[in-house]
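Worksheet for the structure shown next.
The values are calculated or read from the model by the stated rules, or taken from the named source; none is laboratory data. Bear in mind the structure is a predicted one, so any value in this text is a computation, not a measurement. Cβ: placed from backbone, ideal geometry, glycine included. Neighbour counts: every protein chain shown.
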Amino acid sequence: MAQQGTSDVLDPTPAAAPRPGRAPSVEPDGGATLLAWAARMREEQRAWRDDSGHVHVFRHADVQQVLSDPATFSSDTVGRLSGGEKKAPRGTLLLLDPPLHGKMRRLVSKAFTPGLIAGLEPWITELTGELLDAVTGDRFDLVDALANPLPVTVIARMLGVPTQDRELFQGWADQLLSTDPEDPESVRRMEETAVTITAYLQGFIEARREEPRADLLGTLVGAEVDGERLEDEDIASFATLLLLAGHITTSVLVGNALICLDSDPDLLAKVRADRSLIPAVIEETLRLRPPFTRIERVTTTTTTVAGLEVGPDTLVHLWLLAANRDERVFEAPDAFRPDRANARQAAFGHGIHYCIGAPLARLEGRIALEALLDRFTGIRVDPTVRLSWHGTNVFGARHLPLCVERA
Ligand code: HEM
């Protein structure tokens, strides 16, 4: 494919200046301010302490180094930052450290083997077709029609709960996602949602205790860690994690791929003519617009982070968005070039917590793009609608209005 460099699609409206001492948000300008800030920080301040004392890291090598050292940089942000008062349930893989993390990850990875994920392809293709069948007319919102329901339904099916309940899941996922950790009321609502999810799953968990089944809930019900069965809360917390980690990320990936292709009509035409280019488009979308802008770790001891000495129990924000545009690793990093070598893109993290759902997300992204290109002879992001964006942690549009043409 030719080297088609295109700049990002960003809202040209100037954003309100970010509060000094705080990182800017993706809102209100689609990330223009955030990207400019991250680029400047990457060059001028390898590590930066914000006004809450949190440390931010921007360069690819520094992000990788932190993620490669789980003994010094713990994932247990909940436990450590609450002074041990709170404890992450055992299903919350993302918040666990070794050795428990490895034990839980081995357990759940049984549901994410390449063979099992590839085996989902026919069903995901059918589901995608059904969702697009419901679209009428020549304008629709990609997020409502496809990007949101697709990953939510896939997670429901993997767990083994009725896929018709996806609207319930969707509501919970939205609620979990809107949590602001600094607002006690919002944290209380998140805890309430976790209780609701546990109550919903209870019946399914009990049914599997009576009659084993091969779905993910069944696997977890039958599993033992250190000779002990998992508690219902542990199992429910894993389901909640999947909703949080696997839903909005995949949804935003589909939307971001459309945004990237929309900015380069020649490239879109090439991909339409040669569908084998789709995986490279997905990968470059993940690099340029990683769904999670950043992830967090907390120090276990006094250490040096990107040249800055920090004490124990310091929250460290690792900017995947900045690492993925580090010119030390990616040439012309702001250009969308699916033909570049981007195996080092960091959208799925790195090290022991590397995204377990990455093959599934790539599969869903590919199927979604293929289905859209099959069905519509023309696809454009509606230029008349101003896009609204997620907040700091998620890099993507809340809604993506498309104008389409059919054969
Ligand atoms: C484009 C889509 C996705 C992106 C960008 C993404 C991103 C990530 C990242 C960055 C991490 C590492 C977090 C850390 O180290 O703190 C992660 C972990 C994880 N992801 Fe994904 N994810 C995606 C899709 C999925 C899907 C579809 C699932 C499952 C249905 C999933 C399940 C998980 C789980 C369970 C973990 C925790 C793994 C561990 O701690 O060992 N993700 N994801």
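Go over the candidates Thr240, Thr250 one by one and state the one that is under 30 Å from Arg208 (Cα atoms), touching an Asp or Glu at 6+ places or on another chain (Cβ under 7 Å) and either of a type in the set (Ser, Thr, Tyr) or modelled with pLDDT of 95 or more (or both). Reasoning before the result, please.
On the way: Thr240 fails: touching an Asp or Glu at 6+ places or on another chain (Cβ under 7 Å).
Going through Thr240, Thr250 in turn, the sole match is Thr250.
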Breaking point among (1) on the phi > 0 side of the Ramachandran plot; (2) surrounded by fewer than 15 Cβ atoms within 10 Å (Cβ to Cβ), for Glu224:
(1)
Criterion: within 16 Å of the ligand (Cβ to nearest atom) and assigned to a helix (DSSP H, G or I) - qualifying residue of Ala346, Ala361:
Ala361
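Report, by residue number, each residue of region 107-155 that is of a type in the set (Lys, Arg) and under 16 Å from Leu360 (Cα atoms). Full working, then the answer.
Step one: list which residues in region 107-155 are of a type in the set (Lys, Arg), which gives 110, 139.
Matches in region 107-155: Lys110 only.
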Here are Ser52, Ser109: which of them is of a type in the set (Ser, Thr, Tyr), within 22 Å of the chain's Cα centre (by Cα), at pLDDT below 95 and under 30 Å from Val195 (Cβ atoms)?
Ser109
Test for Phe238: is it within 30 Å of Leu369 (Cβ to Cβ), out of contact with any Cys (no Cβ under 9 Å at 6 or more places or on another chain) and aromatic (Phe, Trp, Tyr):
yes
Taking region 253-297 as the region of interest, how many residues are under 18 Å from Leu360 (Cβ atoms) and within 7 Å of the ligand (Cβ to nearest atom)?
5
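Hey, could you check region 309-333 for residues that are over 22 Å from Gly31 (Cα atoms), in contact (Cβ under 8 Å) with a residue 24 or more places away in the chain and more than 13 Å from the ligand (Cβ to nearest atom) and say which is surrounded by the fewest Cβ atoms within 10 Å (Cβ to Cβ)? Talk me through it step by step, then tell me what you get.
Start the filter on region 309-333 by keeping residues that are over 22 Å from Gly31 (Cα atoms), which leaves 309-315.
Of the ones still in play, those that are also in contact (Cβ under 8 Å) with a residue 24 or more places away in the chain are 310, 313-315.
Still in the running and more than 13 Å from the ligand (Cβ to nearest atom): 310, 313-314.
Details: Val310: 20, Asp313: 15, Thr314: 21.
Per the stated criteria, the residue is Asp313.
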Look at Ala134 and say whether it is away from the ligand (no atom under 11 Å from the Cβ), hydrophobic (A, V, I, L, M, F, W, C) and closer than 30 Å to Cys403 by Cβ.
yes
For region 359-383, what are the residues that are within 18 Å of Glu126 (Cβ to Cβ) and among the β-branched types (Val, Ile, Thr)?
Ile367
Only one of (1) out of contact with any His (no Cβ under 8 Å at 6 or more places or on another chain); (2) part of a loop (DSSP other than H, G, I, E, B); (3) within 16 Å of the ligand (Cβ to nearest atom) is not met by Phe336, so which one is it?
(3)
Cβ pairs under 6 Å, 6+ apart, first in region 361-382 and closer than 19 Å to Pro265 by Cβ, second part of a strand (DSSP E or B) and β-branched (Val, Ile, Thr):
Phe376/Val404; Ile379/Val404
Identify, by number, the condition in (1) within 11 Å of the ligand (Cβ to nearest atom); (2) buried (at least 19 other Cβ atoms within 10 Å of the Cβ); (3) not charged (D, E, K, R) that Tyr354 doesn't meet.
(2)
Unmet requirement for Ile295, which otherwise passes all of (1) hydrophobic (A, V, I, L, M, F, W, C); (2) assigned to a helix (DSSP H, G or I); (3) touching a residue at least 12 places away in the same chain (Cβ under 8 Å)
(2)
Starting from region 74-97, take each residue that is farther than 20 Å from His350 by Cα and of a type in the set (Val, Ile, Thr) and list its partners that are within 9 Å of the ligand (Cβ to nearest atom) and assigned to a helix (DSSP H, G or I), counting only C-beta distances under 7 angstrom and pairs at least six apart or across chains.
Val78/Leu95
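Are any of the residues in region 104-111 without any contact (Cβ under 8 Å) to a residue 40 or more places away in the chain, out of contact with any helix residue (DSSP H, G or I) (no Cβ under 6 Å at 6 or more places or on another chain), surrounded by 12 or more Cβ atoms within 10 Å (Cβ to Cβ) and part of a helix (DSSP H, G or I)? Full working, then the answer.
Let us first name the residues in region 104-111 that are without any contact (Cβ under 8 Å) to a residue 40 or more places away in the chain, namely 106.
So of that shortlist, the ones also out of contact with any helix residue (DSSP H, G or I) (no Cβ under 6 Å at 6 or more places or on another chain) come out as 106.
Imposing the further condition that a residue be surrounded by 12 or more Cβ atoms within 10 Å (Cβ to Cβ) reduces the set to none.
So far as region 104-111 goes, no, none of its residues is without any contact (Cβ under 8 Å) to a residue 40 or more places away in the chain, out of contact with any helix residue (DSSP H, G or I) (no Cβ under 6 Å at 6 or more places or on another chain), surrounded by 12 or more Cβ atoms within 10 Å (Cβ to Cβ) and part of a helix (DSSP H, G or I).
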Across (1) in contact (Cβ under 8 Å) with a residue 60 or more places away in the chain; (2) surrounded by 15 or more Cβ atoms within 10 Å (Cβ to Cβ), Tyr200 clears everything bar (1)
Looking at region 364-392 only, could you name the residues that are at pLDDT 95 or above, among the basic types (Lys, Arg) and more than 16 Å from the ligand (Cβ to nearest atom)?
Arg375, Arg380
Search region 78-93 for residues being surrounded by 19 or more Cβ atoms within 10 Å (Cβ to Cβ) and not in a loop (DSSP other than H, G, I, E, B), and hand back the single one that is farthest from the chain's Cα centre (by Cα).
Arg80
Please specify each residue of region 364-391 satisfying the condition of being part of a helix (DSSP H, G or I) and crowded, with 16+ Cβ neighbours inside 10 Å.
Glu364, Gly365, Arg366, Ile367, Ala368, Leu369, Ala371, Leu372, Leu373, Arg375
